[in-house]
1. Quick check on Thr257: is it more than 24 Å from Leu46 (Cα to Cα) and assigned to a loop (DSSP other than H, G, I, E, B)?
2. If I ask for residues that are crowded, with 24+ Cβ neighbours inside 10 Å and away from the ligand (no atom under 16 Å from the Cβ), which ones from the stretch 234-259 would you list?
3. Please go through the stretch 179-199 and pick out each residue that is in contact with a Lys or Arg (Cβ under 6 Å, 6 or more places away or on another chain) and either closer than 14 Å to Ile231 by Cα or surrounded by fewer than 19 Cβ atoms within 10 Å (Cβ to Cβ) (or both).
4. Within the stretch 124-168, track down each residue that is out of contact with any Leu (no Cβ under 7 Å at 6 or more places or on another chain) and of a type in the set (A, V, I, L, M).
5. Scan the stretch 166-216 residue by residue and report those that are of a type in the set (D, E, K, R), closer than 26 Å to Val36 by Cβ and not in a loop (DSSP other than H, G, I, E, B).
6. Glu192 - would you say it is at negative phi, more than 13 Å from the ligand (Cβ to nearest atom) and without any contact (Cβ under 8 Å) to a residue 12 or more places away in the chain?
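Computed from the coordinates by the stated procedures, all read-outs in this text should not be read as laboratory data. Worth saying up front: this structure is predicted, and the values here are computed from it rather than measured. When we count neighbours, we look across all protein chains shown, and the Cβ atoms used for this are built from the backbone with ideal geometry, even at glycine.
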Amino acid sequence: MTTVNPIPLDISAVQTPAYILEESALKRNLAIFDRVQKESGGKIILALKGFAFWPAFPWVREVLHGATASSLHEARLAKEEMRKEVHVYSVAFTDKEFPEVLAIADHIVFNSFGQWRRFKPQVMAARAAGRYVSCGIRVNPGHSEVQTPLYDPCYANSRLGVTREEFRPDDLDGIDGFHFHAHCGNNSDTLERVVASFEKLYGEFIPRMKWINFGGGHHITKQGYDVERLIRVIKGVRERYKVEVYVEPGEAVGWRTGPLVSSVVDIVRNGMDIAILDTSATAHMPDTLEMPYRPEIREADVPGKLAHTYRLGGLTCLAGDVIGDYSFAKPLAIGDKLVFEDMIHYTIVKNTTFNGIPLPSLCMWTEQGELRVAREFGYESYKLRNG
Ligand SMILES: *Cc1c(COP(=O)(O)O)cnc(C)c1O
C-alpha cells in the first residue's frame, strides 16, 4: 500500500507510538461517498463506533450528512463535533441516559418494541413540545453473510434487532423508520440479498415508513467494492417505497486513512529473534487478537520471505501480546521505526491503558505536508481511568 499524499511523510520525524491520519486518504474516501450520495439520493452518516477521530470531522462534515452513535457519549460527540444530523441506536437505552439522548438526537432507533413502549411517552411529549424526533425499530433482516460469529448480528439467538416472529405491527404507531445492520466488511451483492430478505419479511409495513437505514458494514471504499450496485440498490428502495435511505459506515470511512508508527525498543531471543515494540497488540490494535487478523507492515513480508525474520511483540505483560512474525530485508535495530498500515479505524476507539503503557498520540498529516499533533496522552489518562 502506498500513501496518496503528494508529499511523502517523513517517518523519522514521528514521535512514537503515534497514529497518523492522512488528510488526502480520508478525502479520497469521502469523494466516493459524495458520488454515492449524489447518484443514489441516499444519505451517508458516519458510525462513530469505528472512527471517532474528531479533529478530522471538519473534513467529514463537508460530505456526510451527520453521524450515528451507539451510546449517549457518542451522541454527544456527534452533536458537539460533527454538528449535523445526530442518529442514535442503542442495544438498550437506560432510564438515566434516555432524556439526554432525546434532547440531542434527530433519529432514535430502538432495538426492541419493549424499549419503544418504555420511552414512547417521552418521545411523544418532546414532539408535542415542538421537537420532532424521528424514531425507528431495528429489525433482523433474516439474512446475513458475515462469516465470523463475533461480528454477525444475525446468528441464532442474537440480541440485535427484532425478528419477524417478535415483530408487533400494532406497536408501529409513531415509528417512522426501519433499521437493519447485518453486514461486516461486505460487498454490495450481499446488500442486495439482505435487502431482498428484508423486503420479503417487512415489505408490507414499509409504505408506512419515512426512512430505511441500511446500517453499516458496507466496505464502500475498498478496492473491488461494487459502488454501482450500491447506488442501484439505494435508488431502487427509494423509488419503490418513496422513503429516504441512510447508510452508516464506520470502517469504510476510516479505511486506509493512515498508519500506526512504532519503534523497536529491544531485541531478545527465544528460539527465534523477537523484537519488542513501543506499542501493543492488545492495547493499541486489539482486532489483531480479537478478529484476528494480521496487519500489514511497510517494507516487511511473511516470515522467511525476506532475509531476517522476527516475532513482533508488544510492551504489555500479556504473554500473547504478539502482533505476528514478519521478515525484513535488513536486520532490525533498536530505534528502527515500523509502520503498521491502515491502523485508524477500530483501533483508537478501542485503545486501553492496560499495564499503564502510553496511548499512542493522534496526529494528522495534512495535504500541505504538515505533521500536526492533535493529541498526546500522558500519565493522567492512565490515572483517571483507575480512580
Ligand atoms: C458497527 C455498526 C455500524 C458500523 O459498522 P462498520 O462495519 O464499521 O461499517 C453501523 N451501524 C451499527 C448499528 C453498528 O452496530
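1. Details: more than 24 Å from Leu46 (Cα to Cα): no; assigned to a loop (DSSP other than H, G, I, E, B): yes.
No, not satisfied.
2. Result: Gly258, Pro259.
3. Answer for the stretch 179-199, where residues must be in contact with a Lys or Arg (Cβ under 6 Å, 6 or more places away or on another chain) and either closer than 14 Å to Ile231 by Cα or surrounded by fewer than 19 Cβ atoms within 10 Å (Cβ to Cβ) (or both): just Ser188.
4. Met124, Ala125, Ala128, Ala129, Ile137, Val139, Val146, Leu150, Ala156, Leu160, Val162
5. Listed by number, the residues that qualify are Asp189, Glu192, Arg193, Glu199, Lys200.
6. Here the answer is no, as Glu192 does not meet what is asked.
Yes or no, residue by residue, for (1) buried (at least 17 other Cβ atoms within 10 Å of the Cβ); (2) part of a loop (DSSP other than H, G, I, E, B); (3) within 16 Å of the ligand (Cβ to nearest atom):
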position: Val91; (1), (2), (3): no, yes, yes
position: Leu102; (1), (2), (3): yes, no, no
position: Val109; (1), (2), (3): yes, no, yes
position: Arg117; (1), (2), (3): no, no, no
position: Pro121; (1), (2), (3): no, no, no
position: Met124; (1), (2), (3): no, no, no
position: Arg131; (1), (2), (3): no, yes, no
